[in-house]
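Engineer: Next up is a structure, given as structure tokens.
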Amino acid sequence: MQTDLQGQVALVCAASRGLGRAAARALAGEGCRVVICARDQAALQRVAADLAAETGSEILPVTADLTRRADVARLVETTVRHFGGLDVLVTNAGGPPSGLFDTIGEDDWRAAIDLVLMSVVRLCMESVPHLRRRGGGRIINITSVSVKQPIDGLMLSNALRAAVVGFSKTLATELAGDGILVNCVAPGYTRTDRVTELAAATAAREQTTAEAVEARLVQHVPLGRLGEPRELGDLIAFLASARSSYITGTTIQVDGGFVKGMM
Ligand code: NAD
């Protein structure tokens, strides 16, 4: 499938590993020039070098903490200064801590709002003027299947990722006239470093194996396995491309059939 992404400029957030890295890999593989960001400069530089070598595309690493408004402004400004504009924004960040209503205090809520919701809002505030200047573009927000089927014990994630979907859906309507399409992607259990580390930690705690923990994770996944990060990256590349020209305001899960609802 031709995606027409060759030479486009993409900014992919939280991309030093996991789903962000996979999104950057997929877009660079289609010929995008890609800015990747995360807080860890050394890790980011390694990933930039690896992706550039794998794809032949230019990858610019920019260190930024997405919970800081000034960092977000500098990130978008650096992207536009370096590449002359912006066509595709992929928002992503680390997940908020797990916890139940009784264990989460006001400060935890505020930190999670900054990380999960306000990082997306601020990235859009900074990016939309540049997308408008290009005459259109794409915003793709990485959320979670929890926006369609809440996951027990993940109060902060369940509440705040749903807010991201509400923001996205509203933004899609407001930006439609500008030719800017806004969508969310909702990964299910996907084999990233984070999931592998969590499985190993749970296995050590329960004196079992990581394989046994993984088998428990996928017991409600009809396809019977974890997703691979590349499988989310492929959807993001499609949504970033001209091939998705009539898709906006949606949330599409990549979950092996995990979500039981029909919509
Ligand atoms: P990960 O921990 O492997 O990667 C997270 C990335 O975010 C890293 O690059 C990290 O450096 C970066 N990051 C974290 N906080 C940041 C900050 N404040 N500023 C800048 N960068 C920051 O996680 P992942 O598995 O790739 O997941 C990515 C997101 O998708 C998370 O929010 C996660 O909760 C969510 N998610 C993951 C899965 C899954 O199964 N992997 C499923 C659903 C949702």
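Engineer: On a C-alpha basis, how far is the centre of region 188-263 from the centre of region 102-162 in Å? Whole number, if you could?
Structural biologist: Using only Cα atoms to place each centre, the spacing works out to 18 Å.
Engineer: Step through the residues of region 250-263 one at a time and calculate ³J(HN,Hα) from phi using the Karplus curve (6.51 cos²θ - 1.76 cosθ + 1.60, θ = phi - 60°), rounding each to whole Hz and writing x for Gly and Pro.
Structural biologist: 9, 10, 10, 8, 10, 9, x, x, 4, 5, 8, x, 8, 10
Engineer: Still on this model: At a threshold of 8 angstrom on Cα-Cα distance, excluding pairs fewer than six apart, so keeping six or more, what relative contact order does the chain reach in percent? Let's see the in-between values first.
Structural biologist: Values: 505 pairs, mean separation 54.3, N = 263.
In percent, rounded to a whole number, it is 21.
Engineer: Most fluctuating residue of Ala64, Ala240, Ala199 in a GNM of the chain with Cα springs under 10 Å: which is it?
Structural biologist: Highest fluctuation among the options: Ala199.
Engineer: Per DSSP helix of 4 or more residues, -39500 (n - 2.57); summed, then divided by the residues of the chain. What does that give at 222 nm, rounded to the nearest 500? Display every interim value, and only then the final one.
Structural biologist: Numbers: 9 runs with 119 residues, N = 263.
Estimated from H runs of four or more residues: -14500 deg cm²/dmol.
Engineer: Right, here's the next one. Could you pull the Cα extents of the chain along its three principal axes, largest to smallest, in whole Å?
Structural biologist: Rounded to whole Å, the extents work out to 53, 38, 36 Å.
Engineer: Now for a separate question. Return the FRET efficiency for the residue pair Glu54, Thr250: r is the Cβ-Cβ distance, R0 is 35 Å, and the value is rounded to the nearest 0.05.
Structural biologist: Values: r = 30 Å, r/R0 = 0.85.
Approximately 0.75, to the nearest 0.05.
Engineer: Output ³J(HN,Hα) for region 74-88: one whole-Hz value per residue in order, computed from phi by the Karplus curve 6.51 cos²θ - 1.76 cosθ + 1.60 with θ = phi - 60°, and x for Gly and Pro.
Structural biologist: These are the phi-based 3J(HN,Hα) values: 5, 4, 5, 5, 5, 4, 5, 5, 6, 9, x, x, 8, 10, 9 Hz.
Engineer: Tell me whether region 111-250 comes out rounded, prolate or oblate; compute the Cα gyration tensor, take square roots of the eigenvalues as a ≥ b ≥ c, and use a/c under 1.5 as the rounded threshold. Mind dumping the intermediate values first?
Structural biologist: Working: a/c = 2.66, a/b = 1.95, b/c = 1.37.
In terms of gyration-tensor shape, prolate.
Engineer: Also, quick follow-up: So how much accessible area does Leu235 have, in Å² to the nearest 10, using a 1.4 Å probe?
Structural biologist: The accessible area comes out at roughly 30 Å².
Engineer: Between Phe101 and Ala200, 0.36 nm times their residue separation minus their Cα-Cα distance comes to what? It would help to have the intermediate numbers written out before the result.
Structural biologist: Values: separation 99, 0.36 × 99 = 35.64 nm, distance 2.61 nm.
Fully extending the segment from Phe101 to Ala200 adds 33.0 nm.
Engineer: Let me ask another. In what sequence, largest accessible area first, do Asp152, Asp255, Asp40 appear using a 1.4 Å probe? Don't jump to the answer; show the numbers that get you there.
Structural biologist: Numbers: Asp152 150, Asp255 25, Asp40 80 Å².
Descending accessible area places them as Asp152, Asp40, Asp255.
Engineer: Which angle from 0 to 90°, rounded to the nearest 10, does the C-alpha axis of helix 41-55 make with the longest principal axis of the chain?
Structural biologist: With both axes taken from Cα atoms, the answer is about 70 degrees.
Engineer: Quick one: accessible surface of Glu106, probe radius 1.4 Å, all protein chains present, in square angstrom to the nearest 10.
Structural biologist: Near enough 120 Å² of accessible area.
Engineer: Moving to a separate point now. Each residue of region 62-69 in turn: what ³J(HN,Hα) in whole Hz from Karplus with 6.51, -1.76, 1.60 and θ = phi - 60°, glycine and Pro shown as x?
Structural biologist: Using θ = phi - 60°, the values come out as 10, 6, 7, 9, 5, 7, 9, 4 Hz.
Engineer: So, one more: Need one number: nm distance between label points at Ala212 and Asp4, each 7 Å from Cα along Cα→Cβ, rounded to one decimal.
Structural biologist: Output for this residue pair reads 5.3 nm.
The values are calculated or read from the model by the stated rules, or taken from the named source; none is laboratory data. Note that the coordinates shown come from a computational prediction; the quantities given were computed from them, not determined experimentally. Note that we place each Cβ from the backbone using ideal geometry, even for glycine, and neighbour counts take in every protein chain shown. To get the accessible areas, we keep the full protein, side chains included, count just its heavy atoms, and leave off ligands, DNA and RNA. Shrake-Rupley method; radii C 1.70, N 1.55, O 1.52, S 1.80 Å.
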